[in-house]
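Okay, so here's the structure we're looking at.
The values are calculated or read from the model by the stated rules, or taken from the named source; none is laboratory data. Just so we're clear, the structure is a prediction, and the values are computed from it rather than from any experiment. Virtual Cβ from ideal backbone geometry, glycine too; neighbours counted across all protein chains shown.
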Ligand code: R2B
Ligand code: URA
């Protein structure tokens with residue numbers, strides 16, 4: 001952070017050190033959950049409200065970042081739920097401001113988890129993947145950030161104990177297919193993930209399958225668009241972090257997401273249910 005900064009404006013969150021009492025608003029936060037969509041993160045806060053047995057029905061949770069239409073933020077007890085949009089640039093901006101917020105608020109022992117959707121590789125749609133290592137599109141455990149014109153390479157390791165703790169929680173939920181594996185993070189949903197159904201496509205179906213099979217052989221079990229940046233930033237800032245994504249399809253079988261809205265809605269509940277189980281266990285609620 002800028003040395004000697006006397007006021008810090010968290011522009012995209014519409015929060016700041018002079019305009020808000022950040023320690024009073026956030027000092028007791030212990031869990032931060034981030035996910036792409038504002039509506040899903042609102043639903044997650046409402047769900048956590050019920051899971052934690054907090055007073056009221058939680059339906060009227062307020063958007064703490066209502067003054068900005070970039071991201072949405074809700075809280076339920078010690079849990080903060082924030083949207084990050086799609087892709088690395090969007091999550092990076094949010095994380096810089098979120099991590100400064102946690103610092104200004106003097107939060108301690110925070111666990112941060114990305115809950116999201118992804119394309120699976122060689123696993124049944126609806127499976128939940130807990131990431132051990134986020135890899136780039138060459139299957140390397142690295143995040144490359146251009147800083148002042150130079151490429152800086154950062155590690156993308158996540159907290160192994162937290163991943164195991166999440167896997168143990170998943171075992172206690174009936175009919176809940178869950179595994180630990182590498183997650184590949186790309187800069188694009190279409191060509192970047194080897195899809196043939198984008199507006200343009202520069203490779204054959206054989207080349208696509210050869211690439212996805214190489215990814216599988218390198219240990220990749222799902223593909224999404226934020227995990228390397230998330231792992232790198234959280235790791236460098238000393239936050240214990242995990243990535244938990246449900247798979248919406250098996251990419252070895254196709255490119256289009258054909259499941260019904262009802263099925264997709266139920267799939268998207270799965271990472272939320274797993275995180276709720278972890279938080280309840282950590283808080284001694286069962
Ligand atoms: C998963 O889903 C989104 C693309 O549909 C992207 O944000 C991601 O990582
Ligand atoms: N999100 C992705 O990034 N890829 C998919 O295939 C599905 C969801």
Original post:
Checking residue 157 against (1) surrounded by fewer than 18 Cβ atoms within 10 Å (Cβ to Cβ); (2) touching a helix residue (DSSP H, G or I) at 6+ places or on another chain (Cβ under 8 Å); (3) modelled with pLDDT of 95 or more, which test does it fail?
Top reply: (3)
Original post:
What number of residues in region 215-248 are more than 11 Å from ligand 1 (Cβ to nearest atom) and either free of Cβ contacts under 8 Å to residues at least 60 places away in the same chain or over 18 Å from residue 162 (Cβ atoms) (or both)?
Top reply: 7
**OP:** Please determine, by comparing only the residues of region 44-77 that are assigned to a helix (DSSP H, G or I), without any contact (Cβ under 8 Å) to a residue 40 or more places away in the chain and within 21 Å of the chain's Cα centre (by Cα), which one is surrounded by the fewest Cβ atoms within 10 Å (Cβ to Cβ).
**Re:** 46
Original post:
If a residue has to be within 13 Å of ligand 1 (Cβ to nearest atom), in a loop (DSSP other than H, G, I, E, B) and in contact with a helix residue (DSSP H, G or I) (Cβ under 7 Å, 6 or more places away or on another chain) to count, how many in region 183-214 make the cut?
Top reply: 3
**OP:** Scan (1) modelled with pLDDT of 95 or more; (2) in a loop (DSSP other than H, G, I, E, B) for the single condition residue 169 breaks and write down its number.
**Re:** (2)
**OP:** Give me a count of the residues in region 1-25 that are closer than 20 Å to residue 76 by Cα, in contact (Cβ under 8 Å) with a residue 24 or more places away in the chain and in a helix (DSSP H, G or I).
**Re:** 4
